[in-house]
Amino acid sequence: MPLVWEREPYRPKRQALSVERIVDASIAIADAEGLDALSMRRVAAELSTGTTSLYRYVDSRDDLLDLMADAVLDDHVPLTGDWRADLDAYAHHERELWLRHAWLAPLLATRPSLGPNWLRGLEHALTAAAPLTSDIADAGSVVGLIRDYVRGAVMRELAEKETQRRTGQTEDEWRADVAPYMRQVIESGAYPQVSRLVTEAADPSPAEQFSYGLRRILTGIAASQQTAK
């Protein structure tokens, strides 16, 4: 079957629905309740229409997911020509986007949407990497590395939020609960490096940890390019 991007949209004589309305309602459901709550029947109920009506506009749930993913992939900040600054801005933009739509990172981990917004985003990222290397395969690998780092960091943040939702316990409350046990661990002397980490190291926020890791990655990319020259 042709991709959803290749098909002529359904245009009824009387515009009771539209692809845009269906996608917007689906995004609202996924943002509030996750992809498990998303079904064609649920979307139809939100739009006060029959499920059959939706299939005149969208062939399947998979097509709907592609349309949703592309719809939320918004514009990026303008490029400066400084590859490091531009890729840093790109990574932070992606993190904010995927945290705003918690269902997006797992969805794009399995397959790209290949829609116009996704393609524009890839073009933007490859253009950001262009001053670093003239080898398009190398530029693609750099962009892929950064996207994988962003996705991994976001998935960890989302997992923590899900744990808090499931347990009803914040991270600070969990730390307070395990504090007596950790004191025993430290006093045992069996784990000196772990003890140093607990007692000496600052506790960065997720945003700070993300920025630290990203700086390390960009520094490593710069060093590897210098070595290659």
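The values are calculated or read from the model by the stated rules, or taken from the named source; none is laboratory data. Keep in mind that what you see is a predicted model, and the values were worked out from it rather than measured. Quick reminder, even Gly has a Cβ in these numbers, built from the backbone with ideal geometry, and neighbours come from all protein chains shown. Note: areas computed on protein heavy atoms with side chains; ligands, DNA, RNA excluded. Shrake-Rupley method; radii C 1.70, N 1.55, O 1.52, S 1.80 Å.
Relative contact order for segment 79-217: 26 percent, from Cα pairs under 8 Å spaced at least 6 residues apart, divided by residue count. Remark: spin-label model distance Asp24-Ala130 equals 3.5 nm, labels positioned 7 Å along the Cα→Cβ axis. The Cα center of segment 77-97 and the Cα center of segment 182-197 differ in position by 40 Å. The phi torsions of segment 138-151, fed into the Karplus equation with coefficients 6.51, -1.76 and 1.60 and a -60° offset, translate into couplings of 5, 4, x, 5, 4, 4, x, 4, 5, 4, 5, 5, 4, 4 Hz, rounded to whole numbers, with Gly and Pro shown as x.
How much length would be gained if the chain were fully extended between Ala109 and Glu46, taking 0.36 nm per residue of separation minus their Cα-Cα distance, in nm to one decimal? Can you show the working numbers first?
On the way: separation 63, 0.36 × 63 = 22.68 nm, distance 2.78 nm.
Result: 19.9 nm gained on full extension.
Accessible area per residue for the chain, computed on protein heavy atoms with a 1.4 Å probe, is 61 Å².
Divide by every residue of the chain the summed helix terms, -39500 (n - 2.57) for each DSSP H run of at least 4, and state the resulting mean residue ellipticity at 222 nm, rounded to the nearest 500 deg cm²/dmol.
On the way: 11 runs with 159 residues, N = 229.
Only helices count here, giving -22500 deg cm²/dmol.
Surface composition of the chain: carbon plus sulfur atoms contribute 53% of the solvent-accessible area (1.4 Å probe, protein chains only, all chains present). Using only the Cα atoms of segment 164-210, build the gyration tensor, take square roots of its eigenvalues as a ≥ b ≥ c, and label the shape rounded, prolate or oblate: rounded if a/c is under 1.5, else prolate if a/b is larger than b/c, else oblate. Oblate, because a/c is 1.5 or more while a/b does not exceed b/c.
At q = 0.14, 0.20, 0.24 Å⁻¹ the log10 of I(q)/I(0) for segment 122-229 amounts to -0.78, -1.09, -1.30, computed by Debye summation with a single uniform scatterer per C-alpha, solvent ignored.
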